[in-house]
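A quick write-up on the structure given underneath.
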C-alpha cells in the first residue's frame, strides 16, 4: 500500500513529461506544414485554427493540430 504513494506521483510526472513533449512536437509539425486546402479558418484571438474535412473525424494521434490540455 505504501508503495503506491511513490508509484502514483511518479506515473503522473511521466505522463506530464510525455504530454509536454508531444505538444512540443505537434507545435513544430504545425509550424513546418503549410495547409494548401483550407476549408474553414477560425481566429481564436491567440491563434488561428484551420479545419479540413480530414480533421472532423480524427483521433488525437491522427490530428496533429490537437493539443493536450495540461
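No lab work stands behind these numbers, since they all come straight from the coordinates. This structure is a prediction, so every number in the text was calculated from the model and none was measured. So basically every Cβ, Gly included, is an ideal-geometry build from the backbone, and we count neighbours across all protein chains shown.
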How much FRET efficiency would the formula 1/(1 + (r/R0)^6) give for residue 66 and residue 3, where r is the Cβ-Cβ distance and R0 is 35 Å, rounded to 0.05? 0.55
Note the full-extension length gain between residue 27 and residue 11 as 0.36 nm times their separation in residues minus their Cα-Cα distance, in nm to one decimal. 3.3 nm
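Pull out the extension gain between residue 20 and residue 50, defined as 0.36 nm times the separation in residues minus the alpha carbon to alpha carbon distance; nm, one decimal. Write down the numbers at each step before the final one.
Details: separation 30, 0.36 × 30 = 10.80 nm, distance 2.23 nm.
Taking residue 20 through residue 50 to full extension adds about 8.6 nm, to one decimal.
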